[in-house]
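S.K.: Before we start, here is the structure in question, set down as structure tokens.
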Amino acid sequence: MVGRLPIPSRFLLAFWALPIGLSLGWLADRLLDLGIPALTTSLRWSPLVLWPLSWLLSLRFHQSRFSFFLLLTVMIWLISVGGGPTGGHLLRETANQALLLVFPLLLLVISSLGGRGVFTVRATGFWLLLGVTAALWGALAQGMLPQVRHALYGLERQVFRLPGAASLSVPELIYLALALGVVMTGWLRAHLSDGWVPLVLTLGFIALHRGEGPYLAPYWSVAALLACLTVVQEAYRLAYLDALTGLPGRRALEEYGGSLGRNYMLAMADIDHFKQFNDTYGHDVGDQVLRMVAGKLKGVRAGGRAFRYGGEEFTLVFAANDVGRVADELERLRQVIEDARFTLRGGDRPAAKSGRKQRGRPVKGKELKVTLSMGLAARNDRFRDLAAVIKAADKALYKAKRKGRNRVESA
């Protein structure tokens, strides 16, 4: 998670797939009604391609937690569309009901533990969990464990009448409580992949509530497609976004620079005396400073985009050649950061040796002044490619440092 996202952003991360998946699933269901053989075959069998593809992509991009999400989801998919060794009525069997009931609990366990690799010693517990779950399902499906079967039958007969015509059994209420725990865990973690989970939890609940469900096939097809897109988006985030600040990183800058054409301007920005923040107050405070500055730079105007170049350096790229307008915007950003009130949070302690004398002193509530020096350069006949423009902006930045910092200089 990058910092603490505002409530609207966290809501979107936690629930983005639910409205999309249900809407697209409904549309796919309507397409099935057209009776086109090729379309029907594609929609019904696409999960057989999309689920393995999603899982392989999650392995390739080291998304181990999502890999186990997918393995559990495939188990639920197989029974929700009437699969299994005894044919299409398995969903009415106690084994399927038990597996559906523990589905959110297993997701909650994986959500809480985080990523541990898939084929590692640390992931042994996950594989044992899957194995035990499959073994219990098989035992119930073969008529074993009669005590468990009787207990589930007893819970199923206990029904709570809700306002209107709706009613829920005890297993369904348990499912909803566990599903809420999974969603809240995803809310706290604020990962894109966690936003996909409410969709599969909803499909699992429909299967638990309504019984045999070939009608869910279009929705599961969409869920499998969104799983592929989720893995790709997570891979993009890891490759192109800086984990600390949330800004695009240097790789994203290089790709963006290749699409700018002939007229653009670029500014290199550096936090003044950043090493002193780390040495005096510790790296935690340094990270807070970086996040604060990044948050201000995200609000860049004049057609600019902000990137984290590395360390305490940032890059601002403007797809324009209006020197006056861009210089004014850089001056505005410099002033915004200088005027910002940066207050230390409690519990921070300096980590460097030079800050040992300050480590015992209270710093909670102390305000620090943060300033930024910037150097601006334009793409022209002298600086023809991105690397040359960056180098020119860097020289202008050091000129700003030599002239006293907290200023903007042009190449």
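Derivation of every value follows stated rules applied to the coordinates shown; laboratory data play no part. Predicted model, so just to flag it, every value in this text is computed and none were measured. FYI the Cβ positions are ideal-geometry reconstructions off the backbone, even for glycines, and counts take in every protein chain you see.
S.K.: Based only on other Cβ atoms within 10 Å, what is the fewest-to-most ordering of 149, 122? Write out the running numbers ahead of the final one.
M.R.: Details: 149 18, 122 12.
In increasing order of surrounding Cβ atoms, one gets 122, 149.
S.K.: Using per-residue counts of other Cβ atoms within 10 Å, averaged over each peptide, order 297-303, 33-39, 66-72, 404-410 from highest down.
M.R.: Values: 297-303: 16.0, 33-39: 9.0, 66-72: 24.3, 404-410: 17.6.
Those peptides, ordered most packed to least, come out 66-72, 404-410, 297-303, 33-39.
S.K.: Related question: With r as the distance between the Cβ atoms of residue 173 and residue 20 and R0 = 30 Å, compute the FRET efficiency 1/(1 + (r/R0)^6) and round to 0.05.
M.R.: That gives a FRET efficiency of 0.65.
S.K.: Taking square-rooted eigenvalues a ≥ b ≥ c of the alpha carbon gyration tensor, is the stretch 211-327 rounded, prolate or oblate, where a/c under 1.5 means rounded and, failing that, a/b exceeding b/c means prolate? List each step's numbers first, then the result.
M.R.: Working: a/c = 3.35, a/b = 1.64, b/c = 2.04.
It comes out oblate by the Cα gyration axes.
S.K.: List the pairs from 366/391; 275/399; 366/399 whose alpha-carbon separation is above 28 Å, in the order I gave them.
M.R.: Working: 366/391 37 Å; 275/399 19 Å; 366/399 31 Å.
Violating the 28 Å limit, Cα to Cα: 366/391; 366/399.
S.K.: How far apart, in nm, are two points set 7 Å out from the Cα along the Cα-to-Cβ line at residue 139 and at residue 11?
M.R.: Result: 4.5 nm between the two label points.
S.K.: What is the gain in length, in nm to one decimal, between residue 243 and residue 210 on full extension, counting 0.36 nm per residue of separation less the C-alpha to C-alpha distance? Let's see the in-between values first.
M.R.: Details: separation 33, 0.36 × 33 = 11.88 nm, distance 4.22 nm.
That works out to 7.7 nm of additional length.
S.K.: Okay, moving on. 7 Å from Cα along Cα→Cβ at both residue 250 and residue 36: what's the point-to-point distance in nm?
M.R.: Here the modelled spin labels are 4.9 nm apart.
S.K.: For an R0 of 35 angstrom, estimate the FRET efficiency from the Cβ-Cβ distance between residue 403 and residue 229 and round to the nearest 0.05.
M.R.: Numbers: r = 49 Å, r/R0 = 1.40.
It comes to 0.10.
S.K.: Same structure again: In what sequence do 167, 221, 42 fall when counting other Cβ within 10 Å, fewest first? Walk me through the intermediate numbers first.
M.R.: Values: 167 11, 221 26, 42 14.
By the 10 Å Cβ count, ascending: 167, 42, 221.
S.K.: Taking only C-alpha pairs under 8 Å that are 6+ residues apart, what is the relative contact order of the stretch 250-410 in percent?
M.R.: Numbers: 291 pairs, mean separation 49.8, N = 161.
Rounded, it is 31 percent for the stretch 250-410.
S.K.: Between residue 284 and residue 127, what's the calculated FRET efficiency when r is the beta-carbon distance and R0 is 51 Å? Round to 0.05. Walk me through the numbers on the way to the answer.
M.R.: Numbers: r = 36 Å, r/R0 = 0.71.
It comes out at approximately 0.90.
S.K.: Turning to a different aspect of this structure: Using the count of nearby Cβ atoms within 10 Å as a rough guide to exposure, how do 175, 240 rank from fewest to most? Walk me through the numbers before you get to the answer.
M.R.: Values: 175 24, 240 17.
So the residues, fewest neighbours to most, are 240, 175.
S.K.: So, one more: Label residue 381 and residue 325 with points 7 Å out from Cα along Cα→Cβ: what is the distance between them in nm?
M.R.: For the pair residue 381/residue 325, the computed spacing is 2.5 nm.
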